[in-house]
Ligand code: F0G
């Protein structure tokens with residue numbers, strides 16, 4: 001047997017570097033004040049390690065940059081479109097591939113074409129833009145998380161699963177009112193947790209019995225396929241590409257933000273099997289995104305996507321990626337920091353309610369924690385809690401089921417020493433957590449408020465001196 005190392009190395013070497021900027025604690029305190037304690041409003045150059053999102057923040061490969069030079073910028077029928085179409089069709093198996101500038105455009109086009117006010121769309125958990133794009137049409141976005149998902153520290157293999165009993169009830173009680181059901185892989189808002197093949201298959205059968213199409217929100221399909229390979233019985237011998245193809249086969253189409261598992265900085269698509277629906281979506285696309293062979297993207301973007309969506313299925317890449325996230329999770333768990341377990345595909349989610357029980361939910365503990373992480377270490381994370389999800393469509397306020405801080409890993413960007421630095425900062429903040437205090441909202445828009453909300457410390461300062 002050849003010697004097998006324990007260390008899983010980054011499966012790439014670095015050809016181009018981008019400096020990151022060190023700041024002082026005083027500079028960061030000022031930046032927080034100036035940006036109204038909203039990390040979305042901070043200048044990126046004031047951030048040392050940026051874990052705000054894994055969306056569009058990845059590093060492209062030499063092959064992708066090379067491919068971009070081959071971009072065909074013809075308005076209609078460009079060669080780059082056909083390369084993109086063939087690559088996406090190869091990965092997904094769907095008949096109609098409609099390019100969009102990012103995931104939410106695919107959502108808006110599908111929902112705007114297929115949904116009417118008064119309908120209801122179930123999902124394991126709707127991402128914020130998915131929910132908003134439905135609600136703006138007067139459609140109810142229903143989250144049907146499986147029971148295990150509600151317990152952050154419960155270790156279970158597929159906490160992203162949709163609750164099949166609840167899905168069946170929803171389909172029975174709302175016959176004629178469900179235009180399609182959705183499953184998000186991996187379940188981003190639920191902790192980046194995977195969905196099993198068995199769960200997708202069962203949901204697909206239920207939907208078929210009720211004559212309702214199933215649509216995958218497949219931003220992180222490759223990460224989901226990797227978890228299936230690792231955790232689902234009988235899947236270990238298959239390639240991520242084979243598993244992904246089976247996942248897609250259970251659905252009638254997908255919405256995709258290629259800024260995640262497309263390994264590109266911008267791009268997305270809507271893929272469908274239904275000819276009539278696809279034709280209506282294409283017409284809708286022309287209104288706002290562009291002609292159906294570019295959909296708001298440049299020819300070079302389509303080239304990068306055609307290459308990225310294949311590269312992402314590489315096993316060495318997926319192994320390194322999932323392991324980096326798990327590595328940080330292990331260090332936090334060993335130090336007693338409560339996180340959503342097991343760690344998900346693209347991010348570590350800290351359970352801020354568990355970590356900061358002294359901050360009431362009405363004072364947004366996860367938001368306060370994300371500010372403290374920036375102040376102490378220049379680390380940018382994102383709150384997935386009551387600031388993001390607390391406002392109800394009728395204008396009332398209801399606490400979110402969990403108060404999480406997400407540390408999302410850009411793809412192929414940071415190395416192990418960056419992760420070790422992160423762990424040190426997180427452990428330091430954990431050691432002084434009693435000093436962190438809650439925050440209040442000062443000015444908030446009605447929809448997607450976390451992006452622009454102005455926040456202030458609820459008790460004069462973020463930390464007790
Ligand atoms: N669906 C899921 C599950 C997502 O995570 C996202 C984006 C979208 C749809 C929308 O895609 O941004 O390309 O329009 N998530 C990013 C994040 C923004 O940080 O999790 P988009």
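A few points about this structure:
- Residues being outside any helix (DSSP H, G or I) and more than 21 Å from residue 187 (Cβ to Cβ) - total across region 84-113: 9
- Of note, residue 154 satisfies the criterion of being at pLDDT below 95 and either touching a helix residue (DSSP H, G or I) at 6+ places or on another chain (Cβ under 6 Å) or not assigned by TED's automatic domain parsing to the domain that holds residue 290 (or both).
- Selection of region 244-264 for residues being part of a loop (DSSP other than H, G, I, E, B) and either within 11 Å of the ligand (Cβ to nearest atom) or modelled with pLDDT under 95 (or both) yields 258, 259, 260, 261, 262, 264.
- Test: residue in region 416-429 that is part of a loop (DSSP other than H, G, I, E, B) and without any contact (Cβ under 8 Å) to a residue 12 or more places away in the chain: no
- Members of region 430-454 found to be out of contact with any helix residue (DSSP H, G or I) (no Cβ under 8 Å at 6 or more places or on another chain) and in a strand (DSSP E or B), listed by number: 442, 443, 454
- From 30, 44, 76, 62, residue being more than 27 Å from the chain's Cα centre (by Cα) and over 24 Å from residue 98 (Cα atoms): 30
- Residues that are in a helix (DSSP H, G or I), exposed (fewer than 14 other Cβ atoms within 10 Å of the Cβ) and modelled with pLDDT of 95 or more do not occur anywhere in region 14-23.
- Residue match in region 381-394 (condition: surrounded by fewer than 16 Cβ atoms within 10 Å (Cβ to Cβ), out of contact with any strand residue (DSSP E or B) (no Cβ under 9 Å at 6 or more places or on another chain) and modelled with pLDDT under 95): yes
- When the residues of region 208-224 are filtered to those that are outside any loop (DSSP other than H, G, I, E, B) and buried (at least 24 other Cβ atoms within 10 Å of the Cβ), the one that is farthest from the ligand (Cβ to nearest atom) is 222.
The values are calculated or read from the model by the stated rules, or taken from the named source; none is laboratory data. Since the structure is predicted, the reported quantities are computational estimates derived from the model, not experimental observations. Every residue, glycine among them, receives a Cβ derived from its backbone with ideal geometry; neighbour counts consider all protein chains shown.
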